[in-house]
Amino acid sequence: MSLTQQYIEKYKVWVDSALSDCQETVEHIEQTLCGVKICVETRDYMRTDRSAHGQLSCITFTKGELSYTCQCCDDPTGFFPLLLAGKWYICFRRSLYGFVLLDCETLSTEYEYFPEGVLQDQESFIVCSVHQIENLLVFGGCYWACPDEGFVFDYETKRFLRLSKLYPGFALDKEEVREKTLILHGEDQDGEKQQISLSREDLLAALKTRGTKDF
């Protein structure tokens with residue numbers, strides 16, 4: 001069983017115990033990306049006194065006669081089409097943490113990452129957006145109840161680079177990609193607005209010396 005599925009099973013146990021007295025609503029969402037139809041059925045559980053709530057989802061990807069279905073917990077926000085090494089993928093989350101790259105041609109999981117520490121109740125990075133510079137993915141997001149953060153992921157080496165580690169004292173506000181350049185917007189230690197530009201070559205060099213295997 002994958003780390004992601006272990007986390008989902010643990011989450012389902014929590015839903016059964018903590019949300020036994022709850023109101024349940026169901027939402028259906030459909031969209032098509034890269035010729036793949038995506039159907040999401042989300043069940044939202046809200047305790048009657050509104051003191052706790054949770055979500056469990058089922059996502060089905062279909063293309064012609066091919067089909068792939070997976071379970072998700074929390075809200076699977078966002079599906080991002082990516083062209084990597086000449087192939088189309090859909091990047092999405094199966095839980096609040098980690099991400100999946102689904103091969104659009106075979107509807108198989110090409111790569112799935114989940115931070116192992118989360119299974120020991122450690123906090124980790126939450127992916128909210130994805131940008132691309134060739135085979136480098138730039139994830140925007142945050143740690144729970146913390147300032148914004150960003151990571152660069154090298155698809156070829158499967159290594160991560162935490163952007164805040166490059167510039168201590170720099171408070172990231174948002175990131176964007178323009179013509180193969182990553183631009184970080186934020187504030188310095190004195191609260192002054194600052195903009196930092198990083199080329200693909202800059203990122204590859206930093207990944208080589210400071211990259212890690214995990215968020």
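The values are calculated or read from the model by the stated rules, or taken from the named source; none is laboratory data. Model, not experiment: these values are computed from the prediction. Neighbour counts run over all protein chains shown; Cβ positions are idealised from the backbone, glycine included. The protein model used for the area step is the full one, side chains on, heavy atoms only, and it has no ligands, DNA or RNA in it. Shrake-Rupley method; radii C 1.70, N 1.55, O 1.52, S 1.80 Å.
Annotations for the structure displayed:
- Among the residues of region 21-33, the one identified as open to solvent by less than 50 Å² (accessible area, probe 1.4 Å) and either β-branched (Val, Ile, Thr) or closer than 19 Å to LEU102 by Cα (or both) is LEU33.
- Residue pairs whose Cβ atoms lie under 7 Å apart, sitting 6 or more positions apart in sequence or on different chains, and linking a residue in region 161-182 that is within 15 Å of ARG200 (Cβ to Cβ) to a partner that is in a helix (DSSP H, G or I) and open to solvent by 40 Å² or more (accessible area, probe 1.4 Å), are LEU161/ARG210; LYS180/ARG200.
- Residue that is at negative phi, part of a strand (DSSP E or B), acidic (Asp, Glu) and modelled with pLDDT under 95, where the choices are ASP49, ASP16, ASP75, ASP44: ASP44
- Matching entry among SER57, SER95 (being on the phi < 0 side of the Ramachandran plot and assigned to a strand (DSSP E or B)): SER57
- Under the condition of being over 17 Å from GLY78 (Cα atoms), of a type in the set (D, E, K, R) and within 13 Å of the chain's Cα centre (by Cα), the residues counted in region 95-130 number 0.
- Residue within region 158-169 that is within 24 Å of VAL100 (Cβ to Cβ) and in contact with a helix residue (DSSP H, G or I) (Cβ under 6 Å, 6 or more places away or on another chain) present: yes
- Residues in region 4-20 that are in contact with a strand residue (DSSP E or B) (Cβ under 8 Å, 6 or more places away or on another chain) and open to solvent by less than 80 Å² (accessible area, probe 1.4 Å): THR4, GLN5, TYR7, ILE8, TYR11, LYS12, VAL15, ALA18, LEU19.
- Conditions (1) farther than 17 Å from ILE59 by Cβ; (2) in contact (Cβ under 8 Å) with a residue 60 or more places away in the chain; (3) surrounded by 16 or more Cβ atoms within 10 Å (Cβ to Cβ); number of the one not met by CYS104: (1)
- Single unsatisfied condition, MET1 versus (1) under 22 Å from SER108 (Cβ atoms); (2) open to solvent by less than 80 Å² (accessible area, probe 1.4 Å): (2)
- Number of residues in region 197-215 that are modelled with pLDDT of 95 or more, among the acidic types (Asp, Glu) and surrounded by 12 or more Cβ atoms within 10 Å (Cβ to Cβ) equals 1.
- Condition check for SER51: closer than 25 Å to SER17 by Cβ, small (Gly, Ala, Ser) and open to solvent by 20 Å² or more (accessible area, probe 1.4 Å): yes
- Candidates GLY186, GLY169 - the one that is assigned to a strand (DSSP E or B), among the small types (Gly, Ala, Ser) and either under 23 Å from THR42 (Cβ atoms) or over 19 Å from the mean Cα position of the chain (by Cα) (or both): GLY186
- Region 78-88, subset within 14 Å of the chain's Cα centre (by Cα) and on the phi < 0 side of the Ramachandran plot, residue least open to solvent (accessible area, probe 1.4 Å): LEU82
- For region 86-108, the criterion of a residue being under 18 Å from GLY211 (Cα atoms) and among the acidic types (Asp, Glu) is satisfied by no position.
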